Amino acid sequence: MLLPRSIEILLKSLPQSLEAPGARSAHQKVANRVISEPDLAVEIVGYIAQSVRHDDQVKRVMGLLSAVLDEVRMAHENGKALGTAFLRFLDEELAQRNRDGTLSSEGRLYLASCWVRAGLESPEALVADPSMFEHIEDAFTEMDVAEMGPHIDKLLRTVSGSAEQDLLALQAGLFELFALFPAPVRRFLVREIVAHPKSVTAALGCALLLDRRREVQQGAIEGLKVRQAQGALAGDTIGRLTMMRSWLVEPDTLRGVDEIVQHAIRNGTVGGGAVSTLKVHRVLTSLVDGTGSQSMVVVFQFGGARKVAVLLIKQGFGIKDAYLVPCSSASEQRRLRR
């Protein structure tokens, strides 16, 4: 699809790599221009909405829209009317495109991905028609485990870019995919994925308990219970759930975790293998700024693995961003914490 001249000009002003010097400020400058010129935003959204191939050109336009949405999100969170108004404007634009039928199925996914990457809830217009999924649960229920397995494996490979053993890649891919589904379908898919007998899906089930959406949390609980009933819930997963309990606030999710742990205690399946000792070398925090935000850096070692965790905590939101950086040596770890 031919790239509109206006978008081509914007992309030429941006470095090819996000790691290039000045890339962040360049994206911020272009994003602010798009926010001030809504017609540009309409062209960007329209181009992605009708895209059917995830080629390099589409990826660059998606990166541009993600940068715009990131700026808008920060403005919205800081109580600026411009951020709220711009999000409402884009919601209305997508709703109109949905009514006009000018959203390709691929375009829905690409646009939802931009919203998710920016830490925003995907617009309602991007969610697929619920009638498309009316019989999905019945179809899966009629399959036995052997029949269902290949479908789940294919889904995991697709959303993770063939790195289905990489928990972070898997979780990121699923977040983008879930944005397209109505809440009941999200719950069902999470349950089936977490129940799938792979070690990474058990870890995924624990991670999804921290999702903000109740249907995702409940799907994870149901999937973990299915694993437990099948004898496929290892002791180290029970230990992880016990540790995570203090991080959970949703009553139904807490109740579900307690039921899993209590069942494990009654049946003597709590114990896990040898656990490496966690050593926290240093914790650094910034002062709380005017928006109620605070950064935290944790330098730690888990067995032989050295890592640096970076958290952004915001009043009223909890943890807004979190990064985990693996380090190959102690010297690299010291460089990162400076």
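Looking at G119, G63, G79, just one residue is free of Cβ contacts under 8 Å to residues at least 24 places away in the same chain and open to solvent by 20 Å² or more (accessible area, probe 1.4 Å), and that residue is G79.
Give the number of residues within the stretch 93-108 that are surrounded by fewer than 18 Cβ atoms within 10 Å (Cβ to Cβ), touching a residue at least 24 places away in the same chain (Cβ under 8 Å) and under 22 Å from V72 (Cβ atoms).
1
Scan the stretch 42-58 and give yes if some residue there is in a loop (DSSP other than H, G, I, E, B), open to solvent by 50 Å² or more (accessible area, probe 1.4 Å), closer than 17 Å to L90 by Cα and not aliphatic (A, V, I, L, M), otherwise no. Yes, because at least one residue in the stretch 42-58 is in a loop (DSSP other than H, G, I, E, B), open to solvent by 50 Å² or more (accessible area, probe 1.4 Å), closer than 17 Å to L90 by Cα and not aliphatic (A, V, I, L, M). What is the number of the single condition among (1) under 18 Å from G63 (Cα atoms); (2) in contact with a Pro (Cβ under 8 Å, 6 or more places away or on another chain); (3) modelled with pLDDT under 90 that L90 does not meet? Answer for L90: the failing condition is (3).
The values are calculated or read from the model by the stated rules, or taken from the named source; none is laboratory data. Here the structure is a predicted model, which means the values were calculated and not measured. For neighbour counting, all protein chains shown are included, and Cβ atoms are generated from backbone atoms with ideal geometry for every residue, glycine included. Calculation scope for accessible area: heavy atoms of the full protein, side chains included, ligands and nucleic acids excluded. Shrake-Rupley method; radii C 1.70, N 1.55, O 1.52, S 1.80 Å.
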